[in-house]
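Coordinate-derived values only; no laboratory data. What you are looking at is a predicted structure, and each value in this text was computed from that prediction instead of being measured. No Cβ is skipped: glycine too gets one built from the backbone with ideal geometry, and neighbour counts run over all protein chains shown.
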Amino acid sequence: MIMIVIWHLCVHGIQSSIQITDLSRINQFLFYLIESITVIAVNLYVLISGYFLYNKNKPIMSKVFRLVLETFAFTMTIFLFLLIIGEVKFSNRYLLLSIFSIFYGKYWFITVYIVMFTLSPYLNIVIRYLSKKQHLQLLAILFFIEAIWQFMHVVDAIGVNDGYSVFHFIFLYFLAAFLGKYGFVIRDFNKYIYLSGFFSMTMVNTIISYLSPSSIDKLFRYNSPVIIFSAFCLFMFFKKISFQSKLINRVSKYTLGIYLVHEHFFIRPLLWGDIGVVQKVLSGPESFFVIRIIVFGILVFGVCWIIAYIISNIFNLAFNYFGNIFNKSKLFTMISSLLSLTRKAIV
């Protein structure tokens, strides 16, 4: 998630405030390098999710419901807090946006992720019955459609939308499932080859961006073949190493909350505008420009983590209390039975 925060600092903050070509040549190069490293975070997150979801057979509607409620808890808490301190004025429109933020697409990632998450049991049925050859053919077809055809020439009706789409997430889900079932795509390599692949793709993106700034919009699309391959290589690298860290586990527990805080539709303009984070990054000696990006990215991450920790724990207490009541109700039993029958009918 820290990669996503730094990516958003670069895209929503710095690029919206200055012309990158006005920076010194070395800072231009380093800025594009940071963007090339951090842009893969979304693809990486979806790959990890698909890797752990593809073989799950249990109903997940309760988890989907929890994710929807958690998003609601964050949007409403932030809205009410900003209302109390006078940063926003009450309006019915703002209230509706806070209540139905997912349905209005105010968090594009959460909206698309929830759709993918909801579809995952049915995607898993398809995955279970695909042979290795069929699965590989499906990946090739999906890759051609979104990473070659729709990367070179966009057709709105296809719905790839530069990777901001369910189509893209489902492709990554099928890719992660293939890696989970078979270990690798065509041939396996050691972890250092994958790490080298990641850095090679990162440098390719950086150099092209540096030499041709006008091509940036295309290069940093989530469905870019370079971005997809870069995320794939880093995913395979981490797949081949094992490490345990209580600190990482504790921090990662609230990563989704960090996204919900810093990408809130009221917080984003405040964070990258009024509060002055971007101005602080842009001020000072140019020789420390990149260091300031990283430092302020970490600071924003830390502050948002604390906020996410507080809201999440309050939400968990409330959800567990009311969840126990709902689980004992007849409505829950009826819904669970209906979903179970639907899945059996599809099988």
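Cβ crowding within 10 Å, taken as a proxy for footprinting-reagent exposure, orders Arg221, Arg292 from fewest neighbours to most as Arg292, Arg221.
Per residue, the convex hull spanned by the Cα atoms of segment 178-235 amounts to 75 cubic angstrom.
Neighbouring Cβ atoms within 10 Å as the yardstick, rank Met1, Met76, Met203 fewest first.
Ascending Cβ contact count within 10 Å gives the list Met203, Met76, Met1.
Note on Lys218: aspartates and glutamates with a C-alpha under 15 Å away, same-chain residues under 8 apart excluded, are Glu35, Glu146, Asp162. Per residue, the convex hull spanned by the alpha carbons of segment 180-282 comes to 183 Å³. Label separation (Lys63 vs Phe184): 2.9 nm, computed from points 7 Å beyond Cα along the C-beta direction.
Legend: residue pairs Lys63/Lys89; Lys58/Lys133; Lys132/Lys240; Lys106/Lys239; Lys132/Lys246, Cα-Cα distance threshold 30 Å; pairs beyond threshold, Lys63/Lys89; Lys106/Lys239; Lys132/Lys246.
Under the convention that each Lys and Arg Cβ holds +1 and each Asp and Glu Cβ holds -1, the size of the dipole of the chain around its Cα centre is about 1480 debye.
Calculated from the structure, mean projected area of the Cα convex hull in nm² equals which of (1) 19.9; (2) 22.4; (3) 16.7? Recomputing mean projected area of the Cα convex hull in nm² here picks out (1).
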